[in-house]
Amino acid sequence: MKIGMRTAFSFLAVILVVLAFSISSIVLLQYGKNIDLKIANNFGPVVNAIKDFEYTIEETSRICKDLSIQADENRKNHLHKIINRVYPKQKLTVIGLCQEPGLAEIKKKVISADKKFESAKYLLLEFLQLIDSTGAYNNPEMMQKAQELRNQVEKENLAIKVILDETSLEAISVFNKLTAQKFASYRMLSYLLLVMIVVIAVVGMLSILLTNLTIIKPIKELNKILNEVGEGKIVAIENQINRNDEIGDMISSAQRVVRGFKAKELVANAIGKGDYEIRVPLLSKKDRLGRAISEMRDNLKRSKIIEEENIKSLEAYTIRLEKKNKELDQFAYITSHDLKSPLRGINNLSAWIEEDLGEHLSEESAGYFKLLRGRVHRMEDLINSILSYSRAGKTIENQEKTNTQDLVYAILEKTEMKANTRVLIDECLPEITANKRDLIAVFSVFISNAIRHNKSPEPILNITFKNRGGYIEFCIADNGPGIEPEFHDKIFTIFQTLERRDDIENIGAGLAIAKKIVEDYDGKIWIESHPGMGSRFYFTWPSYIAIP
Amino acid sequence: MSDKLVNILLVEDDEVDVMNVKRAFKKNNITNPLFICNNGVEALQFLRGESEIPLIEIPKIILLDINMPKMGGIEFLGEIRKDEHLKNMSVFIMTTSNEDKDKVDAYNLNVAGYILKPLSMERFIEAVSTLNNYWKLCEFPEN
């Protein structure tokens, strides 16, 4: 049953109960009031009227007694008046008041009293006739007769008085009975009120209990679940609640919401894991979340395709780049070879000309020939440097554990240096992973530079290292002339020399080659130096790692 | 020591280099007969008697350049090592190529030596003189 209906029914029931109680209260009150009215309108007057009636009858006895002693015209008239006018009027009043059904007995008694008075009335009239006759008071016989009549009247009246006393008592008892009924109805009313209060209280408590059990509890459970959903934790509502009221509808709506979310969660997870073909279930045409997820999936799919294309084009680009690099190497190799041949030709031809001319050659011309050949040699060096530079880099083959200590000593053995050169090398230089030739090329550049450019009377060469975790930082320091900071970047560029080539035969490729190799090994190369303070060249190299 | 002078074949495309060798021979008073071919193809034709120059005796020694048109030195070496009649010739590479690959390839084909052409005339003469002494010292089988 729907809650609305149920609420309406309970409301109606309460209204009915209240109405019933109200109506019964009104009925009871009316009943009491009616009894009050009866008492006021009928019973009070009845008792008084009976008393008046009794008094009037007693009055006749008294007047009769007085008249039996002496004649009195006034009393005689008064008696007439009672018999003819007062008594019938009072009789009618009493009987009129006794029309209520509860007073039927009294009415009967009053009528029987009246019947008795009819005979008394005849006796009275006979008495009056007797004393009206002339000289009656003086006639003892007549007086005797009057006295007898008076006695009979008194007797009758006494009997009537007994009846009327009884009647009056009975009326009072009826009155008391009515009053008792009135109080009983009021008591009934108070009981009724008490019962009503108890009934309403019980019904109220029952309805609160019932509401708690059937409405508030499921709503609370539902609320808890929806709160969890609100916090993002999607849990299915397990309890299968079979209810066909609004709460049942609400729970099934909530279940639909949760199921919808659950389905979306599954789909979103699948999309997150890369399944872009999954169908997004749309709950209805108005399912905006579903449409948003579907759009997201399409966007991801598109970006994935674009990404794959990018990777492909990047791979193609890398392959092309590698090919170009190889071509460039090949180009450098062939070019330098082809350049060297004519150069040697020039050199030879000039030598032969010089030889053939022999003594005919002027001293000046001989000098020119010397310069010519010097330039030719420099050109050969330049070509060789280009060749070395183009070939320099990380050699993939023969990557092995290399002891730098041994390697540095081997280089130093082959290096010419002044006898007083002090070479200070950190004990236990580390082992690193390298192609030996690459590492020799790098160290050779630094060592030969440090010695060749050092014009100090007591040259010092110092090689140290620091373990930087994952890579080693080498430092090759000298006490040479030092280099101005503005040239620190320039010296690593190929063919950049800081001195005239004619003064020191220096091509300016060594540091560029070293830089190329070091950077190919993902290392860094830099210098710290100031004029007059020597130079410290640094480079980093990966530490030794076990080669599988 | 035999007085008989062995024939020498120079395979070289550069005219100045040929002159250079001739001049160096002259300086060192090397009188061995010197045949000249400009590339590998020509040299093979000459050695197989297919050339215009009549082949009286197969040269015992070849001075071989590497970078040449038509057929390079390494390719030529490969050809003669496969040839039953030519495979035991002494071959000296004389080249400008300082490439490891060329050196490895050459020694794999059993060259007697690998000489880098120096730039200066004097040093080349010295080198040729050493060579001359070397092959004077060596005994070669008759035919």
All-but-one check, A:Glu308 against (1) outside the structural domain of A:Ile383 (by TED's automatic domain parsing); (2) loosely packed, with under 14 Cβ neighbours inside 10 Å, failing number (1)
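Can you confirm whether A:Leu29 is within 30 Å of A:Phe183 (Cα to Cα), within 60 Å of the chain's Cα centre (by Cα) and assigned by TED's automatic domain parsing to the domain that holds A:Leu149?
Considered against the rule, which asks whether it is within 30 Å of A:Phe183 (Cα to Cα), within 60 Å of the chain's Cα centre (by Cα) and assigned by TED's automatic domain parsing to the domain that holds A:Leu149, A:Leu29 comes out as yes.
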Hits in the range A:178-202 (condition: free of Cβ contacts under 8 Å to residues at least 24 places away in the same chain and either surrounded by 12 or more Cβ atoms within 10 Å (Cβ to Cβ) or in contact with a Gly (Cβ under 9 Å, 6 or more places away or on another chain) (or both))
A:Phe183, A:Ala184
In this structure, does A:Ala236 turn out to be at pLDDT below 85 and under 26 Å from A:Lys2 (Cβ atoms)?
no
Within the range A:316-333, is there a residue that is among the aliphatic types (A, V, I, L, M), surrounded by 12 or more Cβ atoms within 10 Å (Cβ to Cβ) and within 14 Å of another protein chain (Cβ to nearest Cβ)?
yes
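Considering each of B:Met89, B:Met94, B:Met68 in turn, give the residue that is closer than 14 Å to B:Ile8 by Cα, within 12 Å of another protein chain (Cβ to nearest Cβ) and either crowded, with 18+ Cβ neighbours inside 10 Å or among the hydroxyl-bearing types (Ser, Thr, Tyr) (or both).
B:Met94
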When the range B:9-45 is checked residue by residue, the ones that are within 14 Å of chain A (Cβ to nearest Cβ), within 20 Å of B:Thr130 (Cα to Cα) and surrounded by fewer than 16 Cβ atoms within 10 Å (Cβ to Cβ) are B:Met19, B:Lys22, B:Lys26
Look through A:Met250, A:Met296 and report the one residue that is in contact (Cβ under 8 Å) with a residue 12 or more places away in the chain and closer than 23 Å to A:Val235 by Cβ.
A:Met250
What are the residues in the range B:104-143 that are surrounded by fewer than 13 Cβ atoms within 10 Å (Cβ to Cβ), farther than 25 Å from B:Lys87 by Cβ and either in contact with a Leu (Cβ under 9 Å, 6 or more places away or on another chain) or within 14 Å of chain A (Cβ to nearest Cβ) (or both), if any?
B:Glu122, B:Arg123
Consider only pairs whose beta carbons are under 8 Å apart and that are at least six residues apart or on different chains; among these, list those whose first residue lies in the range B:73-96 and is farther than 18 Å from B:Trp135 by Cβ and whose second residue is of a type in the set (D, E, K, R) and assigned to a helix (DSSP H, G or I).
B:Ile74/B:Asp102; B:Ile74/B:Asp105; B:Lys87/B:Arg81; B:Thr95/B:Asp102; B:Thr96/A:Lys340; B:Thr96/A:Arg344
So is B:Val6 surrounded by 15 or more Cβ atoms within 10 Å (Cβ to Cβ) and not in a loop (DSSP other than H, G, I, E, B) or not?
no
Residue in the range A:67-85 that is open to solvent by less than 60 Å² (accessible area, probe 1.4 Å), in contact (Cβ under 8 Å) with a residue 60 or more places away in the chain and over 17 Å from A:Ser168 (Cα atoms) present
yes
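Return a yes/no flag: does the range A:349-360 have any residue that is part of a helix (DSSP H, G or I), surrounded by 16 or more Cβ atoms within 10 Å (Cβ to Cβ) and not acidic (Asp, Glu).
Checking the range A:349-360: at least one residue is part of a helix (DSSP H, G or I), surrounded by 16 or more Cβ atoms within 10 Å (Cβ to Cβ) and not acidic (Asp, Glu).
Would you mention how many residues in the range B:46-65 are over 11 Å from the mean Cα position of the chain (by Cα) and open to solvent by less than 20 Å² (accessible area, probe 1.4 Å)? Quick ask: steps written out before the conclusion?
The first filter runs over the range B:46-65 and keeps only residues over 11 Å from the mean Cα position of the chain (by Cα), leaving B:46-58.
Now restrict to residues that are open to solvent by less than 20 Å² (accessible area, probe 1.4 Å): B:46-47.
The number of residues fulfilling the criteria is 2.
Quick check on my filter: what residues within the range A:422-459 are more than 15 Å from A:Ala392 (Cβ to Cβ) and in contact (Cβ under 8 Å) with a residue 60 or more places away in the chain? First the steps, then the outcome.
Taking the range A:422-459 as the starting set, the residues that turn out to be more than 15 Å from A:Ala392 (Cβ to Cβ) are A:422-433, A:447-459.
A:Pro430, A:Glu431, A:Ile432, A:Thr433, A:Ser448, A:Asn449, A:Ala450, listed by residue number.
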Looking at the range A:87-112 only, could you name the residues that are open to solvent by less than 60 Å² (accessible area, probe 1.4 Å) and outside any helix (DSSP H, G or I)?
A:Cys98, A:Glu100
Among the residues of the range A:335-348, write down those that are open to solvent by less than 10 Å² (accessible area, probe 1.4 Å) and under 15 Å from A:Tyr368 (Cβ atoms).
A:Asn347
Residue tally, condition modelled with pLDDT of 85 or more and small (Gly, Ala, Ser), over the range A:62-86:
0
Taking A:Gly470 as meeting all but one of (1) among the small types (Gly, Ala, Ser); (2) at negative phi; (3) not assigned by TED's automatic domain parsing to the domain that holds A:Asn347, write down the number of the exception.
(2)
Would a scan of the range A:456-465 turn up a residue that is part of a strand (DSSP E or B) and more than 19 Å from A:Ala514 (Cα to Cα)?
yes
Show the residue pairs meeting these rules: Cβ distance below 7 Å; 6+ apart or different chains; first residue within the range A:337-364 and at the interface with chain B (Cβ under 8 Å from one of its Cβ atoms); second residue of a type in the set (A, V, I, L, M) and outside any helix (DSSP H, G or I).
A:Arg344/B:Leu119; A:Asn347/B:Leu119
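The values are calculated or read from the model by the stated rules, or taken from the named source; none is laboratory data. In this text, all values refer to a predicted model and were calculated from it rather than measured experimentally. Here Cβ is always computed from backbone atoms with ideal geometry, including for glycine, and neighbour counts include all displayed protein chains. The accessibility values were calculated without ligands, DNA or RNA, using every heavy atom of the protein model including side chains. Shrake-Rupley method; radii C 1.70, N 1.55, O 1.52, S 1.80 Å.
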